[in-house]
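Asks: Can you read through this structure? Questions will come right after.
The values are calculated or read from the model by the stated rules, or taken from the named source; none is laboratory data. Quick caveat, the model's predicted, so the values are computed rather than measured. Virtual Cβ from ideal backbone geometry, glycine too; neighbours counted across all protein chains shown. Keep in mind that these areas ignore ligands, DNA and RNA; they rest on the heavy atoms of the full protein, side chains included. Shrake-Rupley method; radii C 1.70, N 1.55, O 1.52, S 1.80 Å.
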Amino acid sequence: MTFASTANVVLFTGATPRFADVDPHTLLLDPEEVSRAITPRTRAVIGVDYAGQPCDWDSLQKLAREHGLVLIADACHAPGATCRGRPVGSLADLSTFSFHPVKHLTTAEGGMITTDDPALARKMRTFRNHGITSDHRSRQEKGTWEYEMVELGFNYRLSDLQAALGLSQLEHLTNWLERRRAIAARYHEALSALPGVEPLSIRPEVEHAWHLFVVRIDPEQAGVDRDSLFDRLRARGIGVNVHYIPVHLHPYYRERLGTGAGLCPVAEQAYRQILSLPLFPAMSDSDVQEVVEALQETVQMAGVQ
Ligand SMILES: *Cc1c(COP(=O)(O)O)cnc(C)c1O
């Protein structure tokens, strides 16, 4: 239950991704399903902090230790989230962030990886710099022109202009998170009275970063299914969306790996029911109210018909 690139990166290394299903209440990677998917050839586990809620990293870390695996967090939704007071970015061996314009922070394009492992950090700095072990700053400091290329790398550097934009964005993160949390709280309160429109569960030990506010539509109770609710809300100018098409259902994965329906039944069933409501820091209280009223009216009208 993620954007396709979470799995694409595995293919880029020459490895093969195996998909594990998610927990039905949170849509976060289910550690028991991960345990079932591990084989002697498994090298790493990637979890996604879906919608801005940290995965059960404690259980995943335990599995990773037992099997000697590297743990990678796709934390693109979750800058500023915490688990038991520990920030996202420090919960896995490597944590990846995207600064695409739709995310919490943007550098227009680009991203960031955090780690507390100095060897991995060194390797990533070399990799992003054509496989060269020093950059112009370290050469300047040492007063030398010499440099060594030790492996095949790329130019994956974020430009200084983008870094400057990112730093100015970072100053707003606390306020923006606070606003996202306040909007999420309003949605929770309003939706508790609306049958068939159920927000995802929140794990008690986490502080959520609310990249997405995802509800599940129970067509029996709501009297309307996700697809028609989506159409009706869009027709009223409400920018609802669906996150995501489960990766293993994309044509590329079906063709390349033979994946398809039935592989991850929990994700597949959720996919038919989920709807992301508008959520962004500049949203006013009356914007939130407008979304809630549109939902209420659409569901109630469907109930009357
Ligand atoms: C945005 C996003 C990505 C991809 O980020 P890019 O900056 O486009 O590489 C990967 N995973 C998740 C969960 C995302 O939301």
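Asks: Within segment 91-122, which residues are away from the ligand (no atom under 16 Å from the Cβ) and surrounded by 15 or more Cβ atoms within 10 Å (Cβ to Cβ)?
Replies: Asp93, Thr115
Asks: Quick one: count up the residues across segment 69-78 that are away from the ligand (no atom under 11 Å from the Cβ) and surrounded by 18 or more Cβ atoms within 10 Å (Cβ to Cβ).
Replies: The total comes to 3.
Asks: Looking at Ala75, Ala81, Ala108, Ala121, which one is small (Gly, Ala, Ser), at pLDDT 95 or above and farther than 24 Å from Asn175 by Cβ?
Replies: Selected residue: Ala121, the only one of Ala75, Ala81, Ala108, Ala121 that is small (Gly, Ala, Ser), at pLDDT 95 or above and farther than 24 Å from Asn175 by Cβ.
Asks: Next question. Among the numbered conditions (1) within 22 Å of the chain's Cα centre (by Cα); (2) part of a helix (DSSP H, G or I), tell me where Pro204 comes up short.
Replies: Pro204 satisfies all of (1) within 22 Å of the chain's Cα centre (by Cα); (2) part of a helix (DSSP H, G or I) except (2).
Asks: Restricting the search to segment 204-256, which residues are of a type in the set (Lys, Arg) and in contact with a Pro (Cβ under 9 Å, 6 or more places away or on another chain)?
Replies: Arg216, Arg226, listed by residue number.
Asks: Would you be able to say whether some residue in segment 223-237 is open to solvent by 50 Å² or more (accessible area, probe 1.4 Å), in contact (Cβ under 8 Å) with a residue 12 or more places away in the chain and farther than 26 Å from Asp21 by Cα?
Replies: yes
Asks: Is it fair to say His248 is at pLDDT 95 or above and outside any helix (DSSP H, G or I)?
Replies: Spelling it out, it is not the case that His248 is at pLDDT 95 or above and outside any helix (DSSP H, G or I).
Here's the yes/no breakdown for (1) aliphatic (A, V, I, L, M); (2) assigned to a helix (DSSP H, G or I):
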position	(1), (2)
Ser138	no, yes
Gly153	no, no
Leu158	yes, no
Leu161	yes, yes
Gly166	no, yes
Trp176	no, yes
Arg181	no, yes
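Asks: Before we move on, is Val224 more than 30 Å from Gly85 (Cα to Cα) and part of a helix (DSSP H, G or I)?
Replies: Considered against the rule, which asks whether it is more than 30 Å from Gly85 (Cα to Cα) and part of a helix (DSSP H, G or I), Val224 comes out as no.
Asks: Follow-up question, since we're still on this one. With respect to Asp30, determine if the residue is in contact with a Pro (Cβ under 8 Å, 6 or more places away or on another chain) and away from the ligand (no atom under 16 Å from the Cβ).
Replies: No.
Asks: Name the one entry in Ala209, Ala185, Ala164 that is modelled with pLDDT of 95 or more, of a type in the set (Gly, Ala, Ser) and not assigned by TED's automatic domain parsing to the domain that holds Arg272.
Replies: Ala164
Asks: Go over the candidates Glu220, Glu207 one by one and state the one that is in contact (Cβ under 8 Å) with a residue 60 or more places away in the chain, open to solvent by 70 Å² or more (accessible area, probe 1.4 Å) and among the acidic types (Asp, Glu).
Replies: Just a single option satisfies the conditions, and that option is Glu207.
Asks: For Ala15, indicate whether it is small (Gly, Ala, Ser) and within 16 Å of the ligand (Cβ to nearest atom).
Replies: no
Asks: While we're on this one: Give the residues of segment 34-68 that are in contact (Cβ under 8 Å) with a residue 40 or more places away in the chain and more than 16 Å from the ligand (Cβ to nearest atom), sorted by residue number.
Replies: Asp56
Asks: A further question on this structure: Name every residue in segment 211-235 that is small (Gly, Ala, Ser) and touching a Lys or Arg at 6+ places or on another chain (Cβ under 9 Å), in order of residue number.
Replies: None - no residue of segment 211-235 is small (Gly, Ala, Ser) and touching a Lys or Arg at 6+ places or on another chain (Cβ under 9 Å), so the list stays empty.
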